[in-house]
C-alpha cells in the first residue's frame, strides 16, 4: 500500500511541477490554484505513505537512500506549503516543485525494499539526526531556488530586459529577505544535525568525530553556510553575492549528501551499508 | 519679400536644456530684473508684440515685428546685455527662428515634443501662464494671440490623438514599477531627488502615493529645493550634501540641467559599505546625463536612464517613433494653416483698398453723371445704383478671388506688387 501511495505521490508531484511551469509561462491564476491543490493532495498521500512504511518497517523510514530522498522531497513540499500560508511568493513553485519531484524520482529508482535495522543504527538518535539534517537540507534547497530566482531577476533588471520572466518573478528584496530567513532557520538546524549526529556516533561507534568523508564534507558545508551567515549579519552582504554563495553552499551540501555516499566510502555511505 | 513689405514676421529666440547649461539658462531667465523682460522687449521699437517664456528647461522670447529685418539681432543684443552675458559667445546656444520655423517651434514646444521628457504635461501650463502674463501686460496682439491659441489647440490635439502624452506619465509609472520589482514594498524607502525639475517632481509624487517614506530634495539653488521639499513633505539639502544623503536613500532620481556628470562611480563605491550593500536604484532623467553610466556595473546598484525607462513601458521603439511622427505631422499641418493665415494678413489690406478705390470711383462717376441724367424717379435711381455696383463688383471679382485664394509662395509678392501697380493703389509701404 505504501508503495502504491508513493507512486501516486510521485505522479502528483510531477503533474503539479508541470502545472507550475505552465503557470509561470501563462500567468494564469486558476492554474496556480489547481497546482497548489495538487501539491497539497500529493503532500497528504506522501505523508500517509511514509507513515505506512514506518509501521511496516517498525522504525522511522530514514535509513537508506530511497527513504531519505523521499523524506527530503516530503520536507521540501512541506516547507513550501507552510511558506504559502504566510508569504505568497508567486512562481516559487515552478522552481521548488520540480526539485522536489527530482528528489522523489531519485528515491523511486533506489531499491525500495524494506530492511531490518542494523544494530549500529538502532537508536533514538537515528530519526532525530536524520530528520533534522534532512529538514535543514530541504530549507537550503528552498534557499537555493530563491537564489536562482534572484539571479534570474537580477540579470533581467541589470541588463534592462524587462519582458518575459521579469514580470513573473517577485522583487529582489523579497527574494533576498526570504533567502536570509531560510539561512537563519536552516543553519541552526544544520548545526543541530551535526551535533546530534556526533552524539549518535559516540553512542554507536564510540567516537564523536572520526573524520570520515561525510563528516568532513558536512563540516565544510557548515563552514560555508557559517561564513555566509556571518557576512550577511556583519557586513550586510546581500543580493547577488549572497545568492551565488547560497548556490555554491548548496552544491557542496548536495555533494556531501550524495557524493559522500556514492563516491567516497565511510560509515555514512548508505550504498555499502545496506547492500 | 517685397522691399519694405508690411508683412509681419514672427521671431523666436531661445535656449533650452539641449543647447545651454543651467547657469546660462538661469541668467537669461532675467529673474528679478526691472523692468520685467516682457516690458523690456515689448518696449523695443522693432518689437510689435512679445511673449516671454521661462521654465526650468527653457527660456524663450517670441516676438512679432514689422519692417525690421534686424529685429532678431536687436532683441538678442538687449537680452544678452541684461543677462550680463554680452561678452560670452552664445551663438551656438541661442537658437533663432523666423516665421515658419518659429511657428513650428512654438507648436512643438506647446505639444511637449521639444521637452526633455517628451510628452511631459507641465510645459503647456507654463506656456499658458507666459501668454497670460503677456496679454495682461498688453504685449501680445493680433498675431501672437492667434499663434498662442493655435499652439494650445495643437497641443491639445497632440495630447488626445497621439500617445505621446502618456509616455511622460508612463515614465514615472515605469520608475515606480521598477522600484517595486527591486524593493517589493516601497513603504519605509527613502527617495533622493537631485535637481528639482518638473519630471522629478512628477516621479516623486508617484512614488509618494505608492508608499515611499521620505523625500529629500537636493538642488543647486536651495530656495527651489526648499520650495519643492515643502510641497512633497520632505527635506531640502544642497548639492554638496548628496553623498551623505545617498547613504540613506534607496531610490535616487536625478534631473539637473548640469552639463556634466554629477554622481561619479567612485562616490557610489565609497558608500556601498556604509549602506551595508542595500540595493540602490538610480534613475537619471536628465539630458545630458547626470549619473555615470558605468555605475550600473556595480553589484546591487541599478541605474536606468530615461530612454531605458521608456523601454520599460513601451513595447517597442517603432511604435513610439510612429506616435512621434504622427504628432510632428499634426504640428506641420497646423504650421501650414497658420502660414496661410499670415499670408492673408497683407492681402486683406490690398483687397480692401482695391474695393475702396472701386467704390470711390463709382461714387465719383455717379455724382458726375447726375447732372446729365437730370431728374430721376426713385426707381430709376435704385436701378442705377444696382447697375454700377454690380459692374464694379463683377470687374473686381476675379482679382479678389485670385488674391484671397492664397498665392504660391514664390509668386505672391510679385502678384501683390503688380496688383498695386495695375490698380494704382498704395500698398501701405511707399507712403511718405
**Complete:** Picked from segment A:212-235 (must be crowded, with 16+ Cβ neighbours inside 10 Å and within 14 Å of chain B (Cβ to nearest Cβ)), the residue nearest to the chain's Cα centre (by Cα) is A:228
**Complete:** When residue A:208 is run through (1) away from chain B (no Cβ under 14 Å); (2) modelled with pLDDT of 90 or more; (3) over 23 Å from the mean Cα position of the chain (by Cα), the failure sits at (2)
**Count - residues of segment B:177-202 that are assigned to a helix (DSSP H, G or I), farther than 14 Å from residue B:231 by Cβ and touching a strand residue (DSSP E or B) at 6+ places or on another chain (Cβ under 9 Å)** = 5
**Prompt:** Do we find a residue being closer than 25 Å to residue A:38 by Cα, more than 13 Å from the chain's Cα centre (by Cα), in contact (Cβ under 8 Å) with a residue 12 or more places away in the chain and not assigned by TED's automatic domain parsing to the domain that holds residue A:240 anywhere in segment A:112-132?
**Reply:** yes
**Request:** With respect to residue B:114, determine if the residue is out of contact with any strand residue (DSSP E or B) (no Cβ under 6 Å at 6 or more places or on another chain), crowded, with 17+ Cβ neighbours inside 10 Å, at pLDDT below 90 and not assigned by TED's automatic domain parsing to the domain that holds residue B:285.
**Result:** yes
**Item:** Filter result for the condition that a residue is without any contact (Cβ under 8 Å) to a residue 24 or more places away in the chain, out of contact with any strand residue (DSSP E or B) (no Cβ under 7 Å at 6 or more places or on another chain) and assigned by TED's automatic domain parsing to the domain that holds residue A:133, over A:181, A:168
**Value:** A:181
**Complete:** A careful count of residues in segment B:292-307 that are in contact (Cβ under 8 Å) with a residue 40 or more places away in the chain and either away from chain A (no Cβ under 13 Å) or more than 20 Å from residue B:181 (Cβ to Cβ) (or both) gives 0
**Item:** Single match in B:407, B:387 (criterion: closer than 30 Å to residue B:7 by Cα and under 56 Å from the mean Cα position of the chain (by Cα))
**Value:** B:407
**Complete:** Taking segment A:126-170 and the residues there that are assigned to a helix (DSSP H, G or I) and at pLDDT below 85, the one that is surrounded by the most Cβ atoms within 10 Å (Cβ to Cβ) would be A:126
**Message:** When you check residue B:146 against the structure, is it away from every other protein chain (no Cβ under 14 Å), buried (at least 17 other Cβ atoms within 10 Å of the Cβ), at pLDDT 85 or above and over 30 Å from residue A:157 (Cβ atoms), yes or no?
**Reply:** no
**Message:** Take the conditions part of a helix (DSSP H, G or I) and at pLDDT 90 or above and apply them to residue B:129. Does it pass?
**Reply:** yes
**Complete:** Those residues of segment B:267-291 which are away from chain A (no Cβ under 14 Å), over 26 Å from the mean Cα position of the chain (by Cα), surrounded by fewer than 20 Cβ atoms within 10 Å (Cβ to Cβ) and closer than 26 Å to residue B:221 by Cβ amount to B:267
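The values are calculated or read from the model by the stated rules, or taken from the named source; none is laboratory data. This structure is a prediction, so every number in the text was calculated from the model and none was measured. When we count neighbours, we look across all protein chains shown, and the Cβ atoms used for this are built from the backbone with ideal geometry, even at glycine.
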